[in-house]
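Below: the structure, in structure tokens.
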Amino acid sequence: MLNCNEVTHLASDHLDKSLNWKESFSLRMHIAMCKHCKRFIHHLRLTRLCVHGMNNNLASPDDVKHVLDNLPDTNKP
Ligand SMILES: [Zn+2]
């Protein structure tokens, strides 16, 4: 069975579903019994979802130009 250090090294590949069946089985057995690694993988998954969500919500250059063009002119009396 994997130890905690090995699980942290395989965690990203686990989330990418790129582990072979033996690695995947060993990792799943470990996180079934280790609350620390289970929590680590859960937080890694959440972090990846947040980063992915942030990347999809970036404003395009056209969006930025539209906002800047429509800002109120503060130099008007
Ligand atoms: Zn562990």
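Note down the nm distance, to one decimal, between modelled labels 7 Å out along Cα→Cβ at residue 56 and at residue 36.
Calculated label separation equals 3.4 nm.
For Cα pairs less than 8 Å apart in space and 6+ apart in sequence, what is the mean separation divided by the residue count of the chain, i.e. the relative contact order in percent?
Relative contact order of the chain: 29 percent.
Calculate, in whole percent, how much of the Cα-Cα pair population of the chain lies beyond 18 Å.
57 percent
With each run of n ≥ 4 DSSP H residues scored as -39500 (n - 2.57), what mean residue ellipticity at 222 nm is computed for the chain after dividing by its residue count and rounding to the nearest 500 deg cm²/dmol?
Rounded to the nearest 500, the figure is -23500 deg cm²/dmol.
Length gain on complete extension for the stretch residue 70 to residue 24, per 0.36 nm per residue less the alpha carbon to alpha carbon distance?
11.3 nm
Kindly point out, ordered by number, any Cys in the chain whose beta-carbon has no other cysteine beta-carbon under 4.7 Å away.
By the Cβ distance rule, which asks for a partner under 4.7 Å, the isolated cysteines are 4, 50.
Using a Förster radius of 25 Å, what is the FRET efficiency between residue 1 and residue 44 based on their Cβ-Cβ separation? Nearest 0.05, please.
After rounding, the FRET efficiency stands at 0.80.
Helix 21-33 against the longest principal axis of the chain: what's the angle in degrees, Cα atoms only, rounded to the nearest 10?
Its long axis makes an angle of about 90 degrees.
May I ask you to list the aspartates and glutamates whose Cα is less than 18 Å away from that of residue 35, ignoring any residue fewer than eight positions away on the same chain?
Those aspartates and glutamates meeting the cut-off are 6.
Read the figures in this text as sums done on the coordinates, not as results from a lab. On a predicted model such as this, the values are computed, not experimentally measured, just so you know. Cβ coordinates were reconstructed from backbone atoms using ideal geometry, including for glycine residues, and neighbour counts include every protein chain displayed.
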